[in-house]
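Undergrad: Have a look at the structure that comes next, please.
None of the figures in this text is laboratory data; all of them are computed from the coordinates on show. Fair warning: this is a prediction, and the values are worked out from it, not measured in the lab. Neighbour counts are summed over all protein chains in view; Cβ atoms, including those assigned to glycine, are modelled from backbone coordinates with ideal geometry.
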Amino acid sequence: MFLLPDDLPVFPDPRRAEAEGLLAVGGGLEPARVLLAYSRGIFPWNSADEPLTWWCPAPRMVLQLPGDLHVPRTLRKQARRYPLRVTLDTDFAAVLTACATQPRPGQEGGWITPGIVAVFTALHALGVAHSVEVWDGDALVGGLYGLAIGAVFFGESMFSRASGASRHGFVALARQLVRWEFQLVDCQVASAHLRGLGGKELALEPFLEALGRGTRAPGRLGPWQLDPDITGP
């Protein structure tokens, strides 16, 4: 494990992470440092009462575009019975707050600390961090947020207040990213929820190779908007 300096946005080679993914401790959550970290496959992950730690777990859960997205039949049926509306970058603050306060079984406290809120709010203002909102009428019932570098979207967290809401938003986002010729969605840590949507695990070297190609591709800065014909599942 490496100790990062406070004054320089530098990181060790992510291949030097410990077995569980821990790479470094320290530094700060400035936008430049956070963007450098994500571009190298590294992300911050700690609770508010812990030191700032940086991780690069392997294998890595990803969605490779355009081919990996899978929409379960049950989600399609649900979307026909209970149509929901999806937007992008309409209420970033509300999505961030909802993700931070969503109860998560088996987890005490949360990793969306005040520092994470501050830096992602700043990145959103720079047109780098984005939110997906899922609405039932005027009620926000689900969503997710993350950031984009080049043709890679880094998913951070999602929440649901209605059955299937976050998956509905994820599918709509993935379809929009395909239209924009994005190559990769980094989902970070494996889960059955993401596997059901087509997520798969990549070993570290293939992941870093795909990440390098994707982050060097042209990006899409500024506020995002969903194409009118993309509604979700």
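Undergrad: Classify the stretch 1-145 as rounded, prolate or oblate, taking a ≥ b ≥ c as the square roots of the eigenvalues of its Cα gyration tensor: rounded when a/c is under 1.5, otherwise prolate if a/b is larger than b/c and oblate if not.
TA: Note, shape of the stretch 1-145 comes out prolate.
Undergrad: Here's something else I'd like to know. Test of understanding: what is the full-extension gain from residue 213 to residue 100, defined as 0.36 nm times their sequence separation minus their Cα-Cα distance?
TA: Full-extension gain reported as 37.6 nm.
Undergrad: Please list 3J(HN,Hα) in residue order for the stretch 166-183, calculated via the Karplus relation 6.51 cos²θ - 1.76 cosθ + 1.60 where θ = phi - 60°; whole Hz, with x for glycine and proline.
TA: Here the 3J(HN,Hα) series is 5, 5, 4, x, 4, 5, 4, 4, 4, 5, 5, 4, 4, 4, 8, 6, 5, 10 Hz.
Undergrad: Treating the angle as unsigned and between 0 and 90°, give the value, to the nearest 10°, between the Cα long axis of helix 114-125 and the longest Cα principal axis of the chain.
TA: Value to nearest ten degrees: 60.
Undergrad: How much FRET efficiency would the formula 1/(1 + (r/R0)^6) give for residue 221 and residue 16, where r is the Cβ-Cβ distance and R0 is 41 Å, rounded to 0.05?
TA: 0.85
Undergrad: Quick one: helix 204-216 against the long Cα principal axis of the chain, what's the angle to the nearest 10°, folded into 0 to 90?
TA: Tilt relative to the chain: about 70 degrees.
Undergrad: Next question. Taking square-rooted eigenvalues a ≥ b ≥ c of the alpha carbon gyration tensor, is the stretch 116-181 rounded, prolate or oblate, where a/c under 1.5 means rounded and, failing that, a/b exceeding b/c means prolate?
TA: Taking the square roots of the gyration eigenvalues as a ≥ b ≥ c, the stretch 116-181 is oblate.
Undergrad: Can I ask one more? Could you pull out the longest piece of the chain with no exposed loop GluC sites (Glu not before Pro) in it, calling a site exposed if DSSP puts it outside H, G, I, E, B and it has at most 12 other Cβ atoms within 10 Å?
TA: Longest site-free region, per DSSP loop and neighbour criteria: 21-107.
Undergrad: Could you list which residues have their amide H under 5 Å from that of residue 188, counting only those 5 or more apart in sequence or on another chain, with H placed in the peptide plane?
TA: Those lying under 5 Å, H to H, from residue 188 are 61.
Undergrad: Continuing with this model, one more query. Which value, in nm² and rounded to one decimal, describes the direction-averaged projected area of the C-alpha convex hull of the stretch 80-233?
TA: 9.4 nm²
Undergrad: Given a cut-off of under 8 Å on Cα pairs at least six residues apart, what relative contact order in percent is computed for the chain?
TA: Relative contact order of the chain: 25 percent.
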